[in-house]
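Take a look at the structure below.
The values are calculated or read from the model by the stated rules, or taken from the named source; none is laboratory data. Given the structure is predicted, the values throughout are model-derived calculations rather than measurements. FYI the Cβ positions are ideal-geometry reconstructions off the backbone, even for glycines, and counts take in every protein chain you see.
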């Protein structure tokens, strides 16, 4: 199979060097920048600060340039600030899973963004970067059965890390808030001298914490339980190596999406002494919430799972039973937010509704069903 790919890639390598780049213009990007309504929900009466979950509506054009991603996110921070939910040095903002991953397309030719499907867009990305792709494919260490996808992310990893840090450091510093910046796929990243740097290690789904001065914490959260389709190109991490972080409003623990379904994650949370929980998530397609739950993906069901629920209850009901709503009862967490990626990226749609907990009880989510409505949830602690 690798020989087949090699022949295919070598045939492409001559194409990539003769094509001229044709990026989307600033005028086009401004036209593609959507103006979404923003739903804001406030819960709690505390005065210590706020734990805020943000679910911005994003599109493929949001990732065309670094500035475009910033411009897509900034209105949510401004809206939270204008409505007395975002406080300087007393707020922690949680963003969705994979929010940084689509930076893989940033700075690329318009053909990537005019493609109808993700597969077409990624094929165009490979063709337009054929030389780099072939070099990484031939000479970088491979850890994954999906060498094509692994190589694609590896060749863009350095620019992805730089742009990710630039956008979220800027937002954190401008609004003087701390940010759990969702997640991004990078090859075993590290933080050295205040910068996110990549290594030649395996691809991981990772989350970074940005402080209110714009600096990035060197404690990286790595996803321990990637689902079946992620396992084809992502390495699972050891969750006992994920540390909690002291924030201005309390000690925070982060679980990336499916990690919040496993009892071991809550054992680590309890061991860390955390009183706050952030869960960045992404589910697809946009109607996944109403589909029948198929059980744990990529792993055996934990012993406390009622297997009669499989193919009987909805995905939403399963999240509420087996993720934070059901499992936080064994912890001392005061506030928790589980936020989901929203929007359409090429032919991929994302869904899900934020799950909230405050002072040991589940908080009802009152957001409507509008597809193009961004959401902000503020828990006063």
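Scanning region 282-314 for residues that are in contact (Cβ under 8 Å) with a residue 24 or more places away in the chain, closer than 22 Å to residue 354 by Cα, out of contact with any strand residue (DSSP E or B) (no Cβ under 8 Å at 6 or more places or on another chain) and surrounded by 15 or more Cβ atoms within 10 Å (Cβ to Cβ) yields a single hit, 296. A count restricted to region 235-281 and to residues that are more than 26 Å from residue 172 (Cβ to Cβ) and either buried (at least 24 other Cβ atoms within 10 Å of the Cβ) or out of contact with any strand residue (DSSP E or B) (no Cβ under 6 Å at 6 or more places or on another chain) (or both) stands at 12. Do we have residue 269 as under 24 Å from residue 99 (Cα atoms), touching a residue at least 12 places away in the same chain (Cβ under 8 Å) and over 18 Å from the mean Cα position of the chain (by Cα) here? Judged against the criteria, residue 269 is a match. Which condition number does residue 232 fail, the rest of (1) at pLDDT 95 or above; (2) within 19 Å of the chain's Cα centre (by Cα) being met? Exception for residue 232: condition (1).
With respect to (1) buried (at least 18 other Cβ atoms within 10 Å of the Cβ); (2) touching a strand residue (DSSP E or B) at 6+ places or on another chain (Cβ under 8 Å); (3) under 30 Å from residue 109 (Cβ atoms), the lone exception for residue 75 is condition (1). Is region 318-338 home to any residue that is closer than 16 Å to residue 76 by Cβ and surrounded by 24 or more Cβ atoms within 10 Å (Cβ to Cβ)? Looking through region 318-338, at least one residue is closer than 16 Å to residue 76 by Cβ and surrounded by 24 or more Cβ atoms within 10 Å (Cβ to Cβ). You will find that of 344, 375, the residue that is assigned to a strand (DSSP E or B) and surrounded by fewer than 24 Cβ atoms within 10 Å (Cβ to Cβ) is 344 and no other. When we screen 39, 32 for residues that are surrounded by fewer than 22 Cβ atoms within 10 Å (Cβ to Cβ), over 15 Å from the mean Cα position of the chain (by Cα), at pLDDT 95 or above and closer than 21 Å to residue 349 by Cα, the only hit is 39.
Counting only residues that are more than 16 Å from the chain's Cα centre (by Cα) and over 24 Å from residue 302 (Cβ atoms), which one in region 217-229 is surrounded by the most Cβ atoms within 10 Å (Cβ to Cβ)? Looking at the filtered set, the residue picked out is 217. For region 186-205, the candidate set comprises residues that are in contact (Cβ under 8 Å) with a residue 40 or more places away in the chain and not in a loop (DSSP other than H, G, I, E, B); within that set, the residue that is surrounded by the most Cβ atoms within 10 Å (Cβ to Cβ) is 205.
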